[in-house]
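The values are calculated or read from the model by the stated rules, or taken from the named source; none is laboratory data. Bear in mind the structure is a predicted one, so any value in this text is a computation, not a measurement. As a convention, Cβ positions derive from the backbone with ideal geometry for all residues, glycine included, and neighbour counts pool all protein chains shown. Just so you know, the surface numbers come from the protein's heavy atoms only, side chains and all, with ligands and any DNA or RNA stripped out. Shrake-Rupley method; radii C 1.70, N 1.55, O 1.52, S 1.80 Å.
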Amino acid sequence: MGLPSLLQILVATLIALTAGSSVATPIQVADVYNPYYPYGPVGNPYRGTSVGTLTNVFQQTYTAGKTGLLSGMAIYGERGAFGNYNNSLRIKIGNSSGWYSGPWDAELYAPLSGSIFDLTKYNLHINAGDLVTFELGNWDSVVYLVQHPLGALLKQYVPRSPSPTIYPPVAWNDWSVAFSTYVTTDPDVKPENPSTRIPEPSTISVMLLGMGLLACVRHRNRRQKS
């Protein structure tokens with residue numbers, strides 16, 4: 001077998017291995033897609049209302065559809081009366097019967113502007129079928145609720161006062177928080193740029209092998225001409 005034929009086989013192998021590596025590389029995908037659509041026609045399930053979270057605390061429970069790392073989330077809302085987009089967000093993986101008041105798996109201040117924020121550092125691993133509960137409230141922002149029931153939504157009214165009366169939670173069976181979630185099995189993938197990742201070592205090795213063979217062929221052809 002001549003060198004050109006061998007080179008063709010190796011180049012074809014290089015392409016196949018590189019393509020196989022790309023397919024096997026995990027990517028970030030949308031799991032729950034529950035947006036707010038303010039300009040939809042009446043009766044549109046994603047058309048809803050806005051509710052302040054200064055004195056209202058919401059707990060939304062939903063069922064995960066994919067297995068992997070809960071790496072990103074987007075919550076739809078707007079600025080509150082005092083111009084703040086951020087809101088207190090707490091997340092719990094697992095079943096919560098009624099109002100949840102135990103320890104949380106993640107606690108942060110999250111934007112309610114609909115932008116995707118990064119959750120990878122919390123290592124929130126989920127399985128398809130898991131129940132996930134998150135809580136929003138006690139902060140000056142406005143969250144969108146849509147007429148698209150998605151799991152359980154509970155609301156608790158907590159007045160802002162030195163010694164507030166804690167009212168019992170109320171179920172909002174026909175509403176849900178407008179939010180979307182993103183899942184990946186690769187903790188290095190960031191929600192802001194899911195396509196950015198470093199090639200695997202095997203891919204780099206095959207690429208270097210291919211470039212080395214090309215250099216050998218070029219050097220051989222020069223020697224023959226001289």
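Odds and ends about this structure:
- Exclusive hit being among the polar types (S, T, N, Q) and on the phi > 0 side of the Ramachandran plot, set 173, 123: 123
- Residues that are among the aliphatic types (A, V, I, L, M), surrounded by 16 or more Cβ atoms within 10 Å (Cβ to Cβ) and at pLDDT below 90, drawn from the stretch 35-88: 54
- Restricting attention to the stretch 140-183, the residues that are within 19 Å of residue 34 (Cα to Cα), surrounded by fewer than 18 Cβ atoms within 10 Å (Cβ to Cβ) and among the aromatic types (Phe, Trp, Tyr) add up to 1.
- Counted residues, the stretch 113-139 - those being open to solvent by 40 Å² or more (accessible area, probe 1.4 Å), aliphatic (A, V, I, L, M) and closer than 17 Å to residue 65 by Cα: 2
- Residue 126 within 16 Å of the chain's Cα centre (by Cα) and either among the charged types (D, E, K, R) or within 16 Å of residue 76 (Cβ to Cβ) (or both): no
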